[in-house]
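Enquirer: One structure, pasted below without further comment.
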Amino acid sequence: MLSLFSPNDYTLIAVILGLPLLGAFVNGVWGKRLGKDAVRLMALAAVGISFLASFTAFIGLAQLAELHKGEHVKLAWTAWEWMHTTGGTQNASVPIDVRFSIDQLSGVMMLVVTGVGFLIHLYSTSYMADDEGFARFFAYMNLFIFAMLVLILGDNLPLLFVGWEGVGLCSYLLIGFWYENMANAAAGKKAFIANRIGDFGLLCAMFLLVHYTGALDWNGIANGAGSLVHPGEPWRVHVWPLGGGQYTGMLHFLQPKNPVTISAATAVGLALLLGCTGKSAQIPLYVWLPDAMAGPTPVSALIHAATMVTAGVYLICRMSFVFVLSPFTMMVIAIVGAATALLAATIAVAQNDIKKVLAYSTISQLGFMFLGVGVGAFTAGFFHVFTHAFFKACLFLCAGSVIHAMHARIHDGDKSQDIRYMGGLRKWMPLTHWTFAAATAAIIGLPFTSGFFSKDEILYRAFVDHTVNPRAGEGLLAKAGVYEPPAWIGPALYWTALAAATLTAFYMCRLYFVTFWGEFRGWTVGRPSLLAKQEVSAHDDDHEGEHEHHEDLATPGYPPHESPWQMTVPLIILAAFSVFAGWLNPGFHILKQMPMDHWLEPVFESATEGAVLFGHGNDAKWAEAMMWPLALGGLSAFAVGTAIAYWMYVVRRGEPAKRVAEAFPALYRLVLDKWRVDELYENTVVAAVDSLAETAAAVDKTIVDGILARLTSLIVAAAGTILRAFQNGVVHVYAAMMVVGLAAVGWFFAVPHANATVVDAGNDDFTITAAPGLGYSYRWDADGDGKPEKDAFGGDTTLKLHIEPGKSQNVRLEVKNSFGLVAGKTIHVERPKPPAEPLSAL
């Protein structure tokens with residue numbers, strides 16, 4: 001493959017990127033005229049051929065990697081030179097090119113996006129067959145794939161940001177695809193706004209990077225990353241006071257005794273993390289992802305599995321050489337990931353909407369990925385991205401297949417997604433059942449499935465890995481001291497993630513058993529008396545009036561049925577990968593040389609060397625000895641969660657869940673309401689913004705419009721009335737005005753002006769220079785005691801002072817002009833104290 005394209009001008013990248021964009025353009029502009037068959041062909045061909053081109057490029061990359069064993073290799077293509085900016089210590093020119101590249105990391109992501117994306121497109125051709133917006137849907141889907149490929153293959157941060165914003169736009173369009181429903185439109189807006197908050201962090205990180213490193217491309221940032229951990233000024237970022245300024249006057253009480261500063265690496269890392277928490281739905285910006293279920297189910301599969309939500313983890317992996325320079329930021333990433341994994345898992349336990357359960361499952365699994373990369377196990381975290389793409393896509397598409405069958409029976413959008421109306425579907429939908437079971441086995445960590453290997457490695461590395469600053473012993477950093485996470489962080493993260501893994505096994509098995517086992521409960525929808533006897537768990541109090549009689553629901557519909565082949569074939573392929581893809585990285589306790597580790601090692605080797613210690617104190621023997629005990633923890637999480645769910649929902653038919661809900665009604669309602677985080681945001685952040693908007697509107701109406709606008713119009717009218725008295729066409733009035741004007745100008749020049757400029761000459765010396773004037777002579781009072789240094793005025797225009805730090809002095813300047821008129825001015829000169837040492841060395 002390398003013989004066809006040069007590694008430095010790999011034009012096949014244009015085909016990979018261009019075909020999904022072409023499909024989006026054709027279907028978006030001419031889709032309605034072409035008809036559904038042509039739209040289907042165009043959408044599938046665009047993504048399918050892009051996948052084949054991606055596979056070809058991946059083969060070429062593997063050949064190049066074989067020629068340069070152990071090296072970080074790239075296939076690159078530059079489309080055109082975009083723009084230039086300036087940055088860095090030398091204020092040098094920073095080129096920003098439309099340049100794309102494929103390396104070991106982006107090559108894997110590229111295959112996942114186009115491969116899984118193609119299967120979702122194929123599935124959608126049947127799922128959306130009867131929708132009026134068929135062409136518009138596939139235009140958006142193709143555009144989504146294009147935007148994600150730009151994000152992955154972009155060779156610099158600005159180009160990645162273009163794709164970053166592109167997937168945000170496409171998510172907004174697809175989540176609100178059925179925009180006639182206000183709830184769907186609101187969900188799309190919520191996703192768009194939440195991601196804009198995170199995008200602000202990414203923009204700030206770009207500004208900081210171009211300022212400190214003088215580069216925005218991956219190689220340039222890596223080469224200049226050392227400047228991000230320089231211990232002295234101006235290489236540190238002031239947290240307080242803002243900008244490193246001095247508060248004086250009425251605000252002097254805000255001035256700290258010692259300024260709080262952080263390293264540029266920490267500032268960049270935290271700014272990037274804010275962007276990643278928005279895109280990958282982590283605390284505190286995770287709230288948009290559950291509402292993203294408002295869109296069609298294939299959209300949920302695409303967003304959750306292969307594209308948008310993985311962008312944050314990908315960016316952390318791509319910028320790993322920056323993140324490791326700040327152990328504090330790495331610790332924050334790991335804590336955010338572990339906390340999100342546990343929080344989302346607790347919410348998923350009580351949800352009844354099949355897509356909502358999977359949505360919170362995605363948030364939780366993304367938390368595991370953040371935990372992996374946060375402890376420095378970048379390969380483990382990225383491998384979970386890889387395996388998650390298969391089993392989560394399979395789960396969502398299976399959910400779509402179930403909803404498709406349920407909707408034909410129940411004829412109600414909400415109830416067709418409610419697992420309380422399901423049950424026994426394995427008899428009616430065997431292919432969907434077995435593929436859902438395979439994907440569930442993977443996500444809960446059944447031994448030897450893909451999720452078992454990827455999640456188990458994250459749990460293990462969370463316990464034994466320890467991050468440090470790789471430059472801690474170099475030069476000035478050795479004297480300044482750097483932050484190092486405490487030793488207890490690793491075990492705390494491990495136990496938190498283990499609790500989340502146990503809950504994952506429970507709620508996913510609950511979802512599986514309630515949906516596919518037992519008897520089908522959809523026959524009695526619309527008959528409250530019968531339905532009440534067959535509830536799986538006590539949720540009636542939270543859905544008052546939901547089971548009232550409706551004529552359309554009382555009418556029997558078709559029984560549940562298996563989906564068409566366009567929907568089941570992708571399920572079978574994804575289920576197979578869910579089970580077997582884990583063998584690409586099965587763990588050190590099975591294989592000493594793992595394929596995925598070996599493939600990605602050149603990407604992360606320079607970042608992790610010296611920054612990630614394998615075992616506390618770099619005790620590799622202790623870490624290896626902990627391998628099997630920690631593996632038992634992962635196995636126990638799977639066993640305990642699965643066993644409790646089986647006993648509760650199969651053996652006891654949901655009775656224990658009903659009793660728990662009745663015993664702890666307040667806690668149950670709180671979990672069912674998703675810990676009321678949305679309500680918290682609504683009553684704090686949103687309410688504050690609303691209040692600010694209302695205040696601004698009131699100020700605009702009363703002050704701007706009512707006072708300023710009317711006052712200025714009154715002033716203009718009054719001025720016009722006065723001016724009309726003089727602009728009356730009478731010559732002698734104009735002559736009189738000219739005389740008055742000339743007299744004013746003459747008076748200005750006849751009066752002396754005592755102005756001076758103060759210059760800090762260094763070494764606590766200052767020079768004060770008086771402004772020149774016609775016939776001016778000067779007299780100085782250097783100590784401000786009221787007695788001039790000389791009684792007579794002279795031609796000395798400068799005065800030199802020496803002021804110690806923390807001292808100030810008043811200087812009196814008097815100026816006399818040729819008319820004998822004298823003017824004076826007191827000049828205050830102050831030498832501030834030098835800044836104290838920073839409080840923080842993060």
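The values are calculated or read from the model by the stated rules, or taken from the named source; none is laboratory data. Everything quoted here is computed from the prediction, not taken from an experiment. Cβ placement follows ideal geometry from the backbone for every residue including glycine, while neighbour counts extend to all protein chains displayed. The area values use the complete protein model at the heavy-atom level, side chains included, leaving out ligands, DNA and RNA. Shrake-Rupley method; radii C 1.70, N 1.55, O 1.52, S 1.80 Å.
Enquirer: Distance in nm between label sites at T85 and F664, each 7 Å beyond Cα in the beta-carbon direction?
Expert: Distance between label points: 4.9 nm.
Enquirer: Kindly provide the GluC sites (Glu not before Pro) of region 743-842 that DSSP labels as loop, not H, G, I, E or B, and whose Cβ sees at most 16 other Cβ atoms within 10 Å.
Expert: E789
Enquirer: Rounded to the nearest 500, what is the 222 nm mean residue ellipticity of the chain from helices alone, with -39500 (n - 2.57) per DSSP H run of 4+ residues and division by all residues?
Expert: Calculated mean residue ellipticity at 222 nm is -18500 deg cm²/dmol.
Enquirer: Which one, S101, A53, M319, projects farthest toward the positive side of the charge dipole computed for the chain from Cβ point charges (K/R +1, D/E -1)?
Expert: Value computed over the given set: A53.
Enquirer: With every protein chain left in place, what is the accessible area per residue of region 78-168 in square angstrom, probe 1.4 Å?
Expert: I get 29 Å² per residue for this part.
Enquirer: Right, next: Using the structure shown, list the pairs from K427/K674; K392/K658; K190/K279 with a Cα-Cα distance above 24 Å, or answer none.
Expert: Where the Cα-Cα span goes over 24 Å, the pairs concerned are K427/K674; K392/K658.
Enquirer: A 27 angstrom limit on the alpha carbon distance is what I want to check against. Which of K74/K455; K787/K816; K189/K415 exceed it?
Expert: K74/K455
Enquirer: If you don't mind, another one. Calculate the spin-label point distance for W583 paired with A45, positioning each point 7 Å from the Cα along the beta-carbon direction, and give it in nanometres.
Expert: 3.7 nm
Enquirer: Relative to the longest principal Cα axis of the chain, at what angle does helix 378-410 sit, 0 to 90 degrees, rounded to 10?
Expert: Tilt relative to the chain: about 60 degrees.
Enquirer: Suppose every K and R has +1 on its Cβ and every D and E has -1 on its Cβ; what is the size of the dipole of the chain about the Cα centre, in Debye to the nearest 20?
Expert: Once rounded to the nearest 20, the dipole reads 480 debye.
Enquirer: A further question follows. Need the list of lysines near K833 for cross-linking: C-alpha distance under 18 angstrom, and skip anything on the same chain fewer than eight residues off.
Expert: Cross-link targets: K257, K807.
Enquirer: Ignoring ligands, DNA and RNA, what percent of the accessible area of region 591-740 is carbon or sulfur (1.4 Å)?
Expert: Accessible surface attributable to carbon and sulfur in region 591-740 totals 69 percent.
Enquirer: For L821 and V731, compute 0.36 nm times the residue count separating them, minus their Cα-Cα distance, and round to one decimal in nm.
Expert: 28.8 nm
Enquirer: Here's something else I'd like to know. What nm distance separates the two modelled labels at A643 and A717, each placed 7 Å from Cα along Cα→Cβ?
Expert: 8.7 nm
Enquirer: Please find the FRET efficiency linking M738 to A771, where r is the Cβ-Cβ separation and R0 is fixed at 30 Å, and quote it to the nearest 0.05.
Expert: Rounded to the nearest 0.05, the efficiency is 0.55.
Enquirer: Can you give me the % of accessible surface on region 1-150 that is carbon or sulfur? Probe 1.4 Å, all protein chains present, nothing else counted.
Expert: Of all accessible area on region 1-150, carbon and sulfur atoms account for 61 percent.
Enquirer: Please state the shape class of region 10-126: rounded when a/c is under 1.5, otherwise prolate if a/b exceeds b/c and oblate if not, all from the C-alpha gyration tensor.
Expert: Oblate is the answer for region 10-126, as a/c is 1.5 or above yet b/c matches or exceeds a/b.
Enquirer: Which lysines have a Cα lying under 16 Å from the Cα of K621, excluding residues fewer than 8 positions away in the same chain?
Expert: Result set, ordered by chain and number: K592.
Enquirer: Now for a different question. Angle check, please: helix 12-34 long axis (alpha carbons) against the longest principal axis of the chain (alpha carbons), in degrees 0 to 90, nearest 10.
Expert: Rounded to the nearest ten degrees, it is 80.
Enquirer: Continuing with the same structure: Roughly how far apart, in whole Å, are the Cα centres of region 363-408 and region 604-676?
Expert: 16 Å
Enquirer: Treating the angle as unsigned and between 0 and 90°, give the value, to the nearest 10°, between the Cα long axis of helix 450-464 and the longest Cα principal axis of the chain.
Expert: Helix 450-464 sits roughly 50 degrees off the main axis of the chain.
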